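Notes for the one structure printed next.
The values are calculated or read from the model by the stated rules, or taken from the named source; none is laboratory data. No experiment lies behind these values; they were computed from the predicted model shown. For neighbour counting, all protein chains shown are included, and Cβ atoms are generated from backbone atoms with ideal geometry for every residue, glycine included.
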Amino acid sequence: MSLNIRVIAPDKIIWDADAEEIILPSSTGQLGVLQGHIPLLTALDIGVMRVKINKEWQPIILLGGFAEVDKNNVTILVNGAETVSEINITDAQNSLEEATKFLAEAKTNKEKIEATQNLRKAKAKIQAANVLDA
């Protein structure tokens, strides 16, 4: 018996597979889920979801949303997601530098929020790429 994990974005299903374990970037910190977990509904932050399949970890970048755990089914509704195969590490590092600079220069609340979101996305991309290298 394993966990069935579905990641659903507004425009497509990102992931639909069985896994041994999942670690989610919840709004209160990292949240690990194994089979037999109690029912749960949690908000998700921008970050890296890690899924363990055949004893190997696979990262997916989530751009915020919600997760529901019920009877070994994990349903994740996200604003957006990216797989690691879509990541260019050089571009991610450049994005991180740009986002850091933009945040330092942000003056309005809107600019600060936007810059913070871009910074978190860039950090998540680099973190996901590092999961594969580990």
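Every residue, every condition in (1) among the hydrophobic types (A, V, I, L, M, F, W, C); (2) within 23 Å of E114 (Cα to Cα), yes or no:
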| site | (1), (2) |
| --- | --- |
| W15 | yes, no |
| Q58 | no, no |
| I61 | yes, yes |
| D70 | no, no |
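One residue stands out in segment 79-100 among those that are touching a residue at least 40 places away in the same chain (Cβ under 8 Å) and assigned to a helix (DSSP H, G or I): the one that is nearest to F66 (Cα to Cα), namely V84.
Within segment 2-38, which residues are of a type in the set (A, V, I, L, M) and over 14 Å from D70 (Cα atoms)? Result: V7, I8, A9, I13, I14, A17, A19, I23, L24, L31.
Is at least one residue of segment 58-76 of a type outside the set (G, A, S), part of a strand (DSSP E or B), free of Cβ contacts under 8 Å to residues at least 24 places away in the same chain and assigned by TED's automatic domain parsing to the domain that holds T28? For segment 58-76, residues of a type outside the set (G, A, S), part of a strand (DSSP E or B), free of Cβ contacts under 8 Å to residues at least 24 places away in the same chain and assigned by TED's automatic domain parsing to the domain that holds T28: absent. Please list, ordered by residue number, the strands (runs of 3 or more DSSP E) wholly in segment 1-53 having 1 or more residues that are free of Cβ contacts under 8 Å to residues at least 40 places away in the same chain. Of the strands (runs of 3 or more DSSP E) lying wholly inside segment 1-53, those with at least 1 residues that are free of Cβ contacts under 8 Å to residues at least 40 places away in the same chain span 13-19, 21-26, 29-34, 40-53. For segment 82-102, a residue qualifies if it is hydrophobic (A, V, I, L, M, F, W, C) and either under 18 Å from the mean Cα position of the chain (by Cα) or surrounded by fewer than 13 Cβ atoms within 10 Å (Cβ to Cβ) (or both), and the qualifying residues are V84, I87, I89, A92, L96. Filter segment 64-80 for residues that are of a type in the set (A, V, I, L, M) and either more than 11 Å from V7 (Cβ to Cβ) or at pLDDT below 90 (or both) and give the result. Listed by number, the list holds a single entry, V69. Of all residues in segment 106-129, those that are within 17 Å of A92 (Cα to Cα) have Cβ atoms under 6 Å from Cβ atoms of residues that are assigned to a helix (DSSP H, G or I) and among the aromatic types (F, W, Y), 6 or more apart or on another chain, in A115/F102. For the condition surrounded by fewer than 12 Cβ atoms within 10 Å (Cβ to Cβ) and over 13 Å from I5 (Cα atoms), E105 qualifies.
Only a single criterion out of (1) under 26 Å from L3 (Cβ atoms); (2) surrounded by fewer than 17 Cβ atoms within 10 Å (Cβ to Cβ) is not satisfied by E114, namely (1).
Take L103 and tell me if it is within 23 Å of A43 (Cα to Cα), in a helix (DSSP H, G or I) and touching a Ser or Thr at 6+ places or on another chain (Cβ under 7 Å). So L103 fails the test.
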